[in-house]
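Asks: Take a look at the following structure, please.
The values are calculated or read from the model by the stated rules, or taken from the named source; none is laboratory data. All values derive from a computational prediction rather than experimental measurement. With ideal geometry, Cβ positions are generated from the backbone for all residues, glycine too; neighbour counts draw on all protein chains shown.
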Amino acid sequence: MEYTTLGDTGMEVSRICLGCMSFGTPEWREWVLEEEAGLELVDRAIELGINFFDTANMYSNGESERVLGKALEGRRDEAVVASKVYFQMDETDPNSGGLSRKAIEQELDNSLDRLGMDSLDLLQIHRYDDDTPIETTMRALDDAVRRGKTRYVGASSMWAHQFAEAQYTADSLGLDRFATMQNHYNLLYREEEREMLPLCEKQGVGVMPWSPLARGYLTRPHEEFEATTRGRTDEHAKGHPYFEGGGREVNERVEELADEKGVKMAQLALSWVLHKDWVDAPIVGTSSIEHLEDAVEALDIKLSDSDIDYLEAPYRPVRVSGHD
């Protein structure tokens with residue numbers, strides 16, 4: 001395993017972050033693992049040297065956090081644990097979502113209860129809240145740090161101007177600023193290269209992209225993806241512009257180059273993300289130990305400048321995706 005410093009936090013994290021969206025209950029999503037399989041995945045991840053785990057309160061309505069907490073019982077100190085808050089957790093309680101002080105404080109406490117932990121290493125806002133002044137959100141997050149409920153705070157997909165305003169607000173008020181950005185980034189969605197990624201690089205913000213394999217579309221040929229359970233049922237994947245902007249041709253080039261190098265498509269696509277200097281640790285979500293092992297092996301794949309140019313050439317600008 002390779003390790004890197006997460007932005008300017010000083011924390012050393014594995015270059016692969018295990019995304020825990022697939023832990024919990026298939027009642028939430030068909031492709032989600034039951035508890036026992038989730039525990040086995042975390043055990044294998046730790047054996048492989050992975051120490052960075054990302055979950056969220058809304059994954060399986062909190063069950064993902066519970067499973068992760070159980071998996072890390074007795075070895076919490078060796079792990080870097082990140083979770084997120086924003087989406088409404090209780091349809092009867094409008095204050096269980098958003099980024100008001102009430103929502104952040106009560107949902108953070110609920111997350112820690114499920115995880116069985118005293119604090120997070122990283123608390124992230126899952127999205128930007130247009131209904132709450134950014135000053136209110138940043139003050140509540142800063143208080144969470146000062147109370148020892150989290151060591152750092154981070155953000156997720158939003159417009160670059162929103163992120164810049166949040167950082168300016170924190171700086172001007174003497175508050176903890178966002179240390180990380182969890183944004184949408186892969187070979188089929190590169191709009192973040194325009195503003196967000198250069199901004200993060202300039203400010204020393206750690207980057208941990210979600211969906212580095214385009215929700216599975218870069219793991220197999222186009223026709224085979226449509227036949228998978230996730231390809232048929234994942235409405236989020238269908239809502240992203242992966243099939244636009246030269247997406248199918250990119251998929252074909254990934255397949256071609258993977259065959260040429262004797263590796264899997266998923267490994268090649270992940271290697272491309274890992275070759276980007278502004279990326280610290282892509283978040284890899286999986287429901288298979290084999291696929292987890294494949295992801296770690298991707299660290300050893302070397303891509304030349306010509307390989308990267310070949311993979312990127314078909315890309316065309318697409319609509320913004322992930323901010324909502």
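Asks: Yes or no: segment 302-312 includes at least one residue that is under 29 Å from residue 128 (Cβ atoms) and touching a Phe, Trp or Tyr at 6+ places or on another chain (Cβ under 9 Å).
Replies: Yes, some residue in segment 302-312 is under 29 Å from residue 128 (Cβ atoms) and touching a Phe, Trp or Tyr at 6+ places or on another chain (Cβ under 9 Å).
Asks: Under the condition of being part of a loop (DSSP other than H, G, I, E, B) and surrounded by fewer than 22 Cβ atoms within 10 Å (Cβ to Cβ), which residue from segment 209-238 is modelled with the lowest pLDDT?
Replies: Among residues in segment 209-238 that are part of a loop (DSSP other than H, G, I, E, B) and surrounded by fewer than 22 Cβ atoms within 10 Å (Cβ to Cβ), the one modelled with the lowest pLDDT is 234.
Asks: Only one of 295, 266, 258, 281 is in a helix (DSSP H, G or I), of a type outside the set (Lys, Arg), at negative phi and in contact with a strand residue (DSSP E or B) (Cβ under 7 Å, 6 or more places away or on another chain). Can you tell me which?
Replies: 295
Asks: For segment 1-12, give me each residue that is part of a loop (DSSP other than H, G, I, E, B) and either of a type in the set (S, T, N, Q) or surrounded by fewer than 22 Cβ atoms within 10 Å (Cβ to Cβ) (or both).
Replies: 1, 2, 8, 9, 10, 11
Asks: Within segment 170-190, does at least one residue satisfy the condition of being in contact with a Gly (Cβ under 9 Å, 6 or more places away or on another chain), surrounded by fewer than 18 Cβ atoms within 10 Å (Cβ to Cβ) and among the small types (Gly, Ala, Ser)?
Replies: No, the conditions are met nowhere in segment 170-190.
Asks: Would you check which residues across segment 13-38 are surrounded by fewer than 17 Cβ atoms within 10 Å (Cβ to Cβ), outside any loop (DSSP other than H, G, I, E, B) and in contact (Cβ under 8 Å) with a residue 60 or more places away in the chain and list them?
Replies: Matches in segment 13-38: 37 only.
Asks: Still on this structure, I have one more. Within segment 39-50, which residues are surrounded by fewer than 21 Cβ atoms within 10 Å (Cβ to Cβ) and either among the basic types (Lys, Arg) or not in a helix (DSSP H, G or I) (or both)?
Replies: Listed by number, the residues that qualify are 44, 48, 49.
Asks: Suppose the filter is among the basic types (Lys, Arg) and either buried (at least 18 other Cβ atoms within 10 Å of the Cβ) or touching a Leu at 6+ places or on another chain (Cβ under 9 Å) (or both); does residue 149 pass it?
Replies: When the stated conditions are applied, residue 149 passes them.
Asks: Just a yes or no: is a residue in segment 118-134 assigned to a helix (DSSP H, G or I), under 21 Å from the mean Cα position of the chain (by Cα), hydroxyl-bearing (Ser, Thr, Tyr) and surrounded by 21 or more Cβ atoms within 10 Å (Cβ to Cβ)?
Replies: The answer is no; no qualifying residue exists.
Asks: Here's another thing I want to ask about it. Please determine whether any residue of segment 66-77 is outside any strand (DSSP E or B) and in contact with a Ser or Thr (Cβ under 6 Å, 6 or more places away or on another chain).
Replies: Yes; the residues of segment 66-77 include at least one that is outside any strand (DSSP E or B) and in contact with a Ser or Thr (Cβ under 6 Å, 6 or more places away or on another chain).
Asks: From the list 60, 14, which one is under 17 Å from the mean Cα position of the chain (by Cα) and either over 24 Å from residue 178 (Cβ atoms) or of a type in the set (D, E, K, R) (or both)?
Replies: 60
Asks: Next up: Given the criterion small (Gly, Ala, Ser), touching a helix residue (DSSP H, G or I) at 6+ places or on another chain (Cβ under 6 Å) and within 24 Å of residue 11 (Cβ to Cβ), identify the matching residue among 103, 166.
Replies: That would be 166, the only listed residue that is small (Gly, Ala, Ser), touching a helix residue (DSSP H, G or I) at 6+ places or on another chain (Cβ under 6 Å) and within 24 Å of residue 11 (Cβ to Cβ).
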